[in-house]
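Enquirer: Pasting a structure below so you can have a look.
The values are calculated or read from the model by the stated rules, or taken from the named source; none is laboratory data. Just so it is clear, the structure is predicted and the values come from calculations on it, not from any experiment. Neighbour counts run over all protein chains shown; Cβ positions are idealised from the backbone, glycine included.
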Amino acid sequence: MGKHTVSLVSLGCPKNLVDAEIMLGHLPDDRYQIVTEEEQAEIIIVNTCTFINDAKEESIETILNLDDLKKNGNCRLLVVTGCLPQRYREELQEEFPEVDLFMGTADAPRIVELLESGLSQNDSLKAITSQPDYLYDHATPRVTSSPFYSTYVKIAEGCSHHCSYCVIPQVRGTLRSRSIDSVVEEVKRLTEQGVVEINLIAQDITAFGRDRSDGATLEKLLRALVEIEQLKWLRLLYAYPDGISDELLELIAQEEKICSYLDIPLQHIDNELLKQMNRRIDEQGVRNLIVRIREKLPDVTLRTSFIVGFPGESDTQFAKLQEFVADGHFERVGVFRYSREEGTPAAEMEEQVQERTKQARYRKLMKTQSRVSFRKNRELVGKVEPVLVEGFSEETELLLKGRSVRQAPDVDGLVYITAGQSDVGEVVNLKITDSSEYDLIGEIVEEPG
């Protein structure tokens with residue numbers, strides 16, 4: 001009997017990608033073969049996202065596009081997993097009868113049982129959405145799909161914050177932190193396989209350990225991880241502003257392996273809107289935090305995200321946000337148009353902002369930040385930066401590409417290398433010779449200088 005071919009499409013954030021890799025890791029090699037082309041697959045799995053409307057629409061569009069392979073191609077089993085069925089199981093069953101199986105966010109360990117049931121046409125397991133309480137560990141099988149030199153490690157699952165606009169606690173459950181030993185063991189194994197950059201992720205990495213009784217903290221975890229010899233870069237993603245301690249900042253300053261890079265979702269700067277969002281920090285707290293970070297980490301790269309069009313956001317409040325961004329506090333900014341998510345307090349608020357207003361504010365804020373990014377990148381010209389080489393540029397094989405320590409994978413820009421040679425996965429010293437709003441250009445040099 002031949003192997004069943006499986007293709008997995010993962011949508012949304014890196015946390016979703018880790019979930020997808022865990023699902024693939026549970027598939028026995030003697031019965032399942034992973035393929036990259038959906039057209040070749042007997043089983044197609046779509047790992048969905050439902051964070052905002054755009055993510056839901058992308059998930060639904062992907063399901064519809066793959067339905068043709070179910071009707072006219074090799075696909076025998078179309079499986080939809082993740083946040084979308086966790087939240088909308090009954091509605092999806094009615095809307096997509098062609099989907100053979102729906103799985104929630106905690107059902108990865110059961111994937112083989114569920115696939116076998118689906119292949120045997122057992123309709124009793126068509127929709128499984130368990131309580132969102134699963135937490136993987138170092139012993140969990142995982143097939144990494146990232147480049148061999150860089151990957152994500154999820155240190156906690158769920159969220160115990162209750163921001164008024166967010167559905168994450170509903171679909172992912174409350175905070176569940178892994179043990180420090182478990183994370184260290186996984187990172188050791190990954191570095192032994194050639195990974196040099198570890199990107200730590202969670203809904204809020206600064207909350208790591210708060211739910212545990214063993215004294216685990218993010219700072220203790222980082223101190224253990226930097227002792228791993230093969231590890232070169234350790235990047236911290238998604239740090240809530242009220243959880244950034246002086247101890248954490250001092251640790252980043254002291255440890256060369258920890259990237260001087262923080263991704264801090266702020267969402268707004270107006271006090272009234274921050275209160276309505278149920279954020280645990282106000283404008284002065286945000287401004288004090290930025291000063292504190294810059295004092296302890298003068299060369300830090302700061303990334304943040306903002307929401308435009310939150311219910312009740314006035315022209316004056318948006319103008320305040322735009323001015324705050326124009327002041328140049330951040331090297332990177334992501335902007336989201338507010339998404340009205342049913343079941344959240346914000347969805348019931350009055351003064352919902354019109355879509356065209358949200359779109360206009362989105363464009364204005366992105367344009368404001370692009371000018372800031374351009375200016376900050378120009379200030380790097382002439383400096384020497386550590387760069388992780390990622391391979392040849394898509395435009396031409398005459399150019400190598402990579403990322404500086406200031407650029408996180410998937411969301412920030414790239415560095416284009418115009419002179420010098422290096423193997424993929426090596427960290428080299430690069431002299432910056434030119435820049436654009438988001439990308440850098442440079443030449444490999446032997447030593448910083």
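Enquirer: Would you confirm, using the coordinates I've provided, whether Phe318 is over 30 Å from Glu385 (Cα atoms) and within 23 Å of the chain's Cα centre (by Cα)?
Expert: no
Enquirer: Among Thr50, Thr36, which is of a type in the set (Ser, Thr, Tyr), in contact with a Cys (Cβ under 6 Å, 6 or more places away or on another chain) and either in the same structural domain as Glu94 (by TED's automatic domain parsing) or buried (at least 18 other Cβ atoms within 10 Å of the Cβ) (or both)?
Expert: Thr50
Enquirer: Applying the selection to the range 53-70, what residues are under 24 Å from Val167 (Cβ atoms) and touching a residue at least 40 places away in the same chain (Cβ under 8 Å)?
Expert: Result: Asn53, Asp54, Ala55, Glu58, Ser59, Thr62.
Enquirer: Taking the options Leu365, Leu321, name whichever one is in a helix (DSSP H, G or I), surrounded by 17 or more Cβ atoms within 10 Å (Cβ to Cβ), aliphatic (A, V, I, L, M) and in contact with a strand residue (DSSP E or B) (Cβ under 6 Å, 6 or more places away or on another chain).
Expert: Leu365
Enquirer: Considering every residue within the range 392-414, establish whether at least one is aliphatic (A, V, I, L, M), without any contact (Cβ under 8 Å) to a residue 60 or more places away in the chain and part of a strand (DSSP E or B).
Expert: Yes, the range 392-414 has at least one match.
Enquirer: Continuing with this model, one more query. How about the range 347-361: which of its residues are under 23 Å from Asn278 (Cβ atoms) and charged (D, E, K, R)?
Expert: Once the filter is applied, which keeps residues that are under 23 Å from Asn278 (Cβ atoms) and charged (D, E, K, R), the range 347-361 yields Glu348, Glu350, Glu351, Lys358, Arg361.
Enquirer: Right, something else. For the range 438-447, does any single residue satisfy the condition of being modelled with pLDDT of 90 or more, in contact with a helix residue (DSSP H, G or I) (Cβ under 9 Å, 6 or more places away or on another chain) and assigned to a strand (DSSP E or B)?
Expert: Yes, the range 438-447 contains at least one residue that is modelled with pLDDT of 90 or more, in contact with a helix residue (DSSP H, G or I) (Cβ under 9 Å, 6 or more places away or on another chain) and assigned to a strand (DSSP E or B).
Enquirer: Which of the residues belonging to the range 362-419 are more than 21 Å from Leu236 (Cα to Cα) and among the small types (Gly, Ala, Ser)?
Expert: Scanning the range 362-419 gives Ser370, Gly382, Gly391, Ser393, Ala419.
Enquirer: Which of the strands (runs of 3 or more DSSP E) contained wholly in the range 158-272 include at least 1 residues that are modelled with pLDDT of 95 or more, among the aromatic types (Phe, Trp, Tyr) and in contact with a Cys (Cβ under 9 Å, 6 or more places away or on another chain)?
Expert: 233-236
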